[in-house]
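Below you'll find the structure, written out as structure tokens, and then a few comments.
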Amino acid sequence: MAQLFSPLKIKNIELKNRIVVSPMCEYSSEDGFANDWHLVHLGSKAVGGAGLIITEAAAVSAEGRITFADLGIYRDEHIEKLKQITGFIHAQGAVAGIQLAHAGRKASHVQPWLGGKQIPSNQTNSWKAVAPSTIPFIDSEETPLELDKAGIEKIKADFKAATRRAIAAGFKVIELHGAHGYLLHQFLSPISNKRTDEYGGSFENRIRLMLEVVAAVKEVWPGENPLFVRISATEWTEGGWTADDSVALANILKGKGVDLIDCSSGGNVANAKIPLKPGYQVEFAEKIKKESGILTGAVGLITTPSQANEIIQEGEADLVFLAREMLRDPHFALRAAHTLDQEIKWPVQYERAKW
Ligand SMILES: Cc1cc2nc3c(=O)[nH]c(=O)nc-3n(C[C@H](O)[C@H](O)[C@H](O)COP(=O)(O)O)c2cc1C
């Protein structure tokens, strides 16, 4: 059997294969609401055979959105449409996951196709961003507000309330977004976190918010459902968060009941030099898996069936997350099965198109 198509059981949830649709912001919501775009975007990947489909970053609060058009899960009214989407995904035999996120200092921007710039906080569709410290992501952006203790408590409460809504919406997997320079990553990194209280300074202090958010989520998230954390395994920057920090964090998160680390990189330093090439982040998934024993996901320029299969077969990661290739080909998994000579179940409606 092609290892890419071997099932994987994590807690009580069985994934039919190792192919994951990586979270991808669609910037297509009004006040956080999912709509038919999200149903078709995510639903088409379920039809296409992926084992796990994770929504784009869903903001746990309105001020935690990257743009005013982000998907959100900060109102009970958001649940209804999300429930339709998870229902469709599960009916195809795939599993629905949601990425919970807070943008921190990277909040209040316009959509990438409109230039992606920050909107000054005194203009419409914008607000003042919050962060661990008063350091903007790039100098041309507004200085974010430093979160005080009450602000940190609100962040934790928002993640917990979002988790309750995710359960009501039928999601079976939660991924916490601790990567790409968003709020949880901003706390982890010595570059963006210059606090002098118990949330800054030492490694133990910088990972505190992440651990407290995990604990808040686990207060309500069913013990039998998987909890993933996406991290930026390195910042590719001298003096920044390192792969060894990631191993240390993974070890601790494993002890706190996190099931899988989704290993991305970068995003917290604007001019970091990232050596892009096929599978350029797989080494981090492999290192973290081998040195901490936790399950890992590999992501980043994974585009072909044989490449994806090899990552699983060689034990470099337990899951492969694909983003842009899934936009080019929502039926990647069906095609991969054919290429790898693996018999899999097709949607009956599509059987006449089988290779
Ligand atoms: C359109 C788009 C939106 C993205 N939005 C998110 C997101 O919401 N959360 C996240 O963690 N990563 C996001 N990413 C990053 C992807 O999940 C993935 O890590 C990255 O694109 C590398 O994988 P790829 O080479 O398969 O595209 C996004 C990527 C793209 C292309």
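Tabulated results
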quantity: Qualifying residues in region 97-116 (those that are surrounded by 24 or more Cβ atoms within 10 Å (Cβ to Cβ) and hydrophobic (A, V, I, L, M, F, W, C)) - the one farthest from the ligand (Cβ to nearest atom); calculated: Ala107
quantity: Qualifying positions in region 15-39 - within 15 Å of the ligand (Cβ to nearest atom) and outside any loop (DSSP other than H, G, I, E, B); calculated: Ile19, Val20, Val21, Trp37, His38
quantity: Residues within region 101-135 that are assigned to a loop (DSSP other than H, G, I, E, B) and either closer than 23 Å to Ile152 by Cβ or of a type outside the set (Val, Ile, Thr) (or both), tallied; calculated: 21
quantity: Test result for Glu198, acidic (Asp, Glu), assigned to a helix (DSSP H, G or I) and either within 16 Å of the ligand (Cβ to nearest atom) or more than 21 Å from Ala96 (Cβ to Cβ) (or both); calculated: no
quantity: Checking Lys218 against (1) in a helix (DSSP H, G or I); (2) among the basic types (Lys, Arg); (3) out of contact with any Lys or Arg (no Cβ under 8 Å at 6 or more places or on another chain), the condition it does not meet; calculated: (3)
quantity: Members of region 136-146 that are touching a residue at least 40 places away in the same chain (Cβ under 8 Å) and part of a loop (DSSP other than H, G, I, E, B); calculated: Phe137, Ile138, Pro144
quantity: Restricting region 40-74 to residues that are away from the ligand (no atom under 12 Å from the Cβ) and charged (D, E, K, R), the residue that is nearest to the chain's Cα centre (by Cα); calculated: Lys45
quantity: Members of region 2-14 found to be in a loop (DSSP other than H, G, I, E, B), surrounded by fewer than 20 Cβ atoms within 10 Å (Cβ to Cβ) and on the phi < 0 side of the Ramachandran plot, listed by number; calculated: Ser6, Pro7, Asn12
quantity: Single unsatisfied condition, Ser22 versus (1) touching a residue at least 60 places away in the same chain (Cβ under 8 Å); (2) surrounded by fewer than 20 Cβ atoms within 10 Å (Cβ to Cβ); (3) within 30 Å of His109 (Cβ to Cβ); calculated: (2)
quantity: Matching residues in region 221-246 - criterion: being over 21 Å from Leu52 (Cα atoms), in a loop (DSSP other than H, G, I, E, B), in contact with a helix residue (DSSP H, G or I) (Cβ under 8 Å, 6 or more places away or on another chain) and not β-branched (Val, Ile, Thr); calculated: Ala233, Trp241
quantity: Selected residue [crowded, with 23+ Cβ neighbours inside 10 Å, free of Cβ contacts under 8 Å to residues at least 40 places away in the same chain and of a type outside the set (Gly, Ala, Ser)] from Arg230, Arg206; calculated: Arg206
quantity: Inter-residue pairs, beta-carbon under 7 Å, first at negative phi and in region 240-266, second part of a helix (DSSP H, G or I) and among the β-branched types (Val, Ile, Thr), 6+ apart; calculated: Ser246/Ile288; Val247/Ile288; Ala250/Ile288; Leu253/Val214; Lys256/Val214; Val258/Val214; Ile261/Ile288; Cys263/Ile288
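Quick grid of which residues meet (1) within 14 Å of the chain's Cα centre (by Cα); (2) among the polar types (S, T, N, Q); (3) buried (at least 23 other Cβ atoms within 10 Å of the Cβ):
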{"residue": "His180", "(1), (2), (3)": "yes, no, no"}
{"residue": "Leu183", "(1), (2), (3)": "yes, no, yes"}
{"residue": "Trp236", "(1), (2), (3)": "no, no, no"}
{"residue": "Ser246", "(1), (2), (3)": "no, yes, yes"}
{"residue": "Ile274", "(1), (2), (3)": "no, no, no"}
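Throughout, read-outs are computed from the coordinates displayed, never taken from laboratory work. Because the structure is a prediction, the values reported are computed rather than measured. No Cβ is skipped: glycine too gets one built from the backbone with ideal geometry, and neighbour counts run over all protein chains shown.
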